[in-house]
Each structure stands twice: as C-alpha cells, then as structure tokens.
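Remarks on the structure that follows.
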Amino acid sequence: MNIIDELMNLENNDINKMFYYDFLTGFPNRNYLEHFFNVYKVSEMQKTVGIALLYIDFDNFKFINNNFGHTYGDKFLTVAGKILKGLVSESGAVFRTGGDEFVVTVLFPAREINKVEVIAKSILNRFRKYLKLDHYEFLSTVSIGIALCPNHATSLTELMKFADIALFSSKNHGKNTFTYYNEEMGEANKRKFGIFLNMKKALQKNELYLEFQPQLDIKQNKIVGIEALARWKSSELGDISPAEFISVAEETGFIIDLGKWVIENSLAAYKRLSHKNGFLLDLGINVSAAQLHGGYFYQFIIDMLKKYNIKPENIKFEITESQIMQAKEENIKKINRIRELGIKISLDDFGVGYSSMNYLTFLPIDEIKIDSSFIAPITEDNKMRVLVDSIIYLSHRLGYTVTAEGVENKEQLELLKEMSCDRIQGHLLSKSLGYDELETFLKKH
C-alpha cells in the first residue's frame, strides 16, 4: 500500500459511499478531503512529507453548461475528473469539492517541491487540448491556485482559503495558469477576494438591487428614458461600488449570472412602471461581451420580452467600445441579430476605449453615449469643447442619437444644447433613483 492509499483508506460500505463520495462523478468529496487531511496530520509522514493543495477551476465550464445543457456539463466533469486522476497517478488524490471545482492533493518530500509544479503544468497542458464527449469536442482550460502545508498553513480551512486566493489571482492574470499563494498576494487581493466570495451569495441573499437614472430629451425638455444600474449592499462588506463588483464579476465569469439578474429585474420593474403609471420610456440595460458570447443569450432575451410582454423597440442595450471590439466580427454578428428583434444598441462610454471615429462607420449601433470624462471639462477646455461638438456632428451625420453622460451643471447643458446634443444624463437632472423614488420623480416631470 503506497502513501496515498494509506491516507485514502476507508472501509468500503454504503454509508461511507454516501458521506464521502460525490454522487455525480464518484470522486471523493469535501468530507473525504477532511478525512484525508486529518489522517495525514496524525501520521509520522507529516514530519518529512508536505502536502500541496491544488484548487482547480474550469475556465469555460459555464459556457459548456449554458450552451449544451447540464447533461453534457455533468459528463464533462466526470471525464475531467478521470483525466485529473490519471495525471496525478500515485502522487496524489483527486476530490470534487463542488460545482466545477476540484482539489488535487500532492504529497512531496521537503526538498522536492518542484514535483508540485510538474503536476500543475501537466494539468494545464492536458486541458489546453480538446476533450471529446459523444460527437462534440469541448475545450476548457483550467486555472489553478496552490497552497502548501506546512509552508503556508497547517489547517485544512486555512489551506483551502489560501489556495482559493491563489486561484483568484490566476484568474486575474488571464486564466489558464497556476499560481502559488504568498502573503503579499493575500493582502493585495483581500478586498477583491472578499467581493468574489460574497458575490456568490449575493443573489441568494437578495443583496443586489436596481437604481434608475433618468434621461432628458433636450429639445422636448422631457424625460424620455431611464438607465437601469445594478447596486449591491453586502451584509458583510457594506456598500460596494459597481466599478468594483462588475470588474470582479467580469474577471471571474459571474457576469453571466449577474447579467441575467439585471435584465430580468429591469424588465420586471419597467413592466410595473408602464402598467401602473402609463410611462412610456426607453429602458437602457448594460450588457457585457461575455453575455453576447453566451449561446443562451439570444433566446433568453426573447423569453424575457415575452414573459413581461414588453416591446423590444422600448429596450436599449448599452455596450462599451472595448467590449464590442473584443472578437469584433463575432460581436457584430450577434449585435445585428439582437437589433433584428427591434432592440436598440447604444455605444456606451464613448471615448474611453478605442476612441476612433472610424469605428462609428461600421458598428451596428443606434446611439452614442459620450463619456462623462469628455463632458466635465467642456466649460473650461476649448479643445475638449470642439472635440465633443465634432463627435455630436459626425454622429448625427451617421444617423445616431447622442446622449451626454455626467452632466453636472447648467453651463454644460447650455453648451450641449448649442451643439444640438439630443439627450443628457447626470446629476443636474437626477442622481440614480430607487424604484419608488423614480415613480415620484416621473410624476413630477
């Protein structure tokens, strides 16, 4: 019996199978991992042999699950687990700890830590290749976080926490890599990691909510639209700015679940608003490139519009330049398909990303939203004033509506009026409002 077999030795009976094994894949679960670690801690081998804990996450698993269904998602996890087991062989053990996450434990003599890196690299290399299931081929690279016992921690709880932080760092560095935990990493990523951990619970705990910012048609002096904005008040971290949590959501893939929540709840609120009060406004909803890439997205939009009986002509998806320019040709195809439904497309934060007027000639859009960083200096900076005027003029010639974001004072409004800007949005008109505040605001305006 080798060392791994000794640590994994459990009486093989039905009760143990139910408690210590994952029902789906048949691999040892978190309970077995705790047993494994406890046996190691009281054994003589802990004096000369360390344990590396490799926290493994499949980068594209949500794409597989969303586009091919849970049946193929489950098959993928089962086959992936077997591949992992084959790669670690007698050097380690494989555990499924939940979702698409596996833990691999590797035993290493004190002076042979390079053994851990060899196994981590072999895992990365294998999952850079396609995995065949039935007549489909799937590709999902992995991100790995590594923590060492006793180097980093001597308790399983701490070891798992540190490996998770290292995994988060791997994802932050573009995924498809492995990272060892270190103390500096823990401190640097503490805030982002806290957001990441709590984000997983935010939807279940109903901590997310929406606010809406009105938009004014300058010529009509009339409220003609609202933009839905996601907000988060965490029970553990307090108020978290959208800039923080949306960035983390995009880095970790949570943007898919967050995006679905925003779209459905925005449409539900819009339905209440129009049905109860008769307000007929444009509803702007922010959409990311990750959502566009999801095979589920197009049908999801159709289903949501039907569910809430909303005309697509009243909906506007706001997408940033930088998001569209990622996989440009593919995104343009997907955007064109969405526009065929009748939904408008707004180029959000114009000027912040690629900032080339040339893009305006071929992007399938209906509106330009000039970023607030361009609007803020126009009362003082003549060059910026000329630039904004030129953007508005060219956009109109190309057939686009123009909205100025971040309008804070009357001087800015007067200049934008002279430039024939169509709409404004910003604190001069109103801050973002909760649903009840929005109802009150619209009744007054």
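Table for the structure above
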{"item": "Output for the range 235-294, where each listed residue is free of Cβ contacts under 8 Å to residues at least 60 places away in the same chain and among the β-branched types (Val, Ile, Thr)", "result": "240, 246, 248, 255, 262, 263, 285, 287"}
{"item": "Filtered residues of the range 135-153 (kept if free of Cβ contacts under 8 Å to residues at least 12 places away in the same chain and either surrounded by fewer than 12 Cβ atoms within 10 Å (Cβ to Cβ) or not aliphatic (A, V, I, L, M) (or both))", "result": "135, 137"}
{"item": "Residue satisfying all of: in the range 21-48; aromatic (Phe, Trp, Tyr) and surrounded by 15 or more Cβ atoms within 10 Å (Cβ to Cβ); farthest from residue 115 (Cα to Cα) among these", "result": "21"}
{"item": "Subset tally (residues that are aliphatic (A, V, I, L, M) and either more than 12 Å from residue 53 (Cβ to Cβ) or in the same structural domain as residue 253 (by TED's automatic domain parsing) (or both)) for the range 99-118", "result": "3"}
{"item": "Any pair with Cβ under 9 angstrom, 6 or more apart, that starts in the range 425-436 at a residue that is charged (D, E, K, R) and ends at one that is exposed (fewer than 13 other Cβ atoms within 10 Å of the Cβ)", "result": "none"}
{"item": "Where a residue in the range 307-330 is β-branched (Val, Ile, Thr) and its partner, wherever it lies, is part of a helix (DSSP H, G or I) and at pLDDT below 80, with Cβ under 9 Å and at least six apart", "result": "324/359"}
{"item": "Criterion (crowded, with 18+ Cβ neighbours inside 10 Å and within 18 Å of the chain's Cα centre (by Cα)) met by exactly one of 208, 203, 159", "result": "208"}
{"item": "Residues that are in a loop (DSSP other than H, G, I, E, B) and either without any contact (Cβ under 8 Å) to a residue 24 or more places away in the chain or among the polar types (S, T, N, Q) (or both), drawn from the range 217-234", "result": "220, 221"}
{"item": "Helices (runs of 4 or more DSSP H) enclosed by the range 242-348 - at least 3 residues per element that are at pLDDT 85 or above", "result": "242-252, 255-277, 297-307, 328-340"}
{"item": "Number of positions in the range 17-44 that are under 15 Å from residue 101 (Cα atoms) and basic (Lys, Arg)", "result": "1"}
{"item": "Residues that are surrounded by 17 or more Cβ atoms within 10 Å (Cβ to Cβ) and free of Cβ contacts under 8 Å to residues at least 40 places away in the same chain, drawn from the range 86-114", "result": "87, 88"}
{"item": "Residue list for the range 116-127, restricted to those being surrounded by 15 or more Cβ atoms within 10 Å (Cβ to Cβ) and of a type in the set (Lys, Arg)", "result": "126"}
{"item": "Residue in the range 149-161 that is touching a Gly at 6+ places or on another chain (Cβ under 8 Å) and of a type in the set (A, V, I, L, M, F, W, C) present", "result": "yes"}
{"item": "The listed residue being surrounded by fewer than 21 Cβ atoms within 10 Å (Cβ to Cβ) and within 24 Å of residue 60 (Cβ to Cβ), out of 130, 180", "result": "130"}
{"item": "Contacts under 6 angstrom Cβ, first residue in the range 61-85 being within 19 Å of residue 143 (Cβ to Cβ), partner in a helix (DSSP H, G or I) and among the aromatic types (Phe, Trp, Tyr), 6 or more apart", "result": "64/76"}
{"item": "Residue within the range 228-235 that is polar (S, T, N, Q), at negative phi and modelled with pLDDT under 90 present", "result": "no"}
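Rundown of residues vs (1) surrounded by fewer than 15 Cβ atoms within 10 Å (Cβ to Cβ); (2) hydrophobic (A, V, I, L, M, F, W, C); (3) at pLDDT below 85; (4) assigned to a helix (DSSP H, G or I), yes/no style:
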| residue | (1), (2), (3), (4) |
| --- | --- |
| 50 | no, no, no, no |
| 62 | no, no, yes, yes |
| 77 | no, yes, no, yes |
| 81 | no, no, no, yes |
| 84 | no, yes, no, yes |
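The values are calculated or read from the model by the stated rules, or taken from the named source; none is laboratory data. Keep in mind it's a predicted model, so treat the numbers as computed, not measured. All Cβ positions, even for glycine, are placed from backbone atoms using ideal geometry, and neighbour counts span all protein chains on display.
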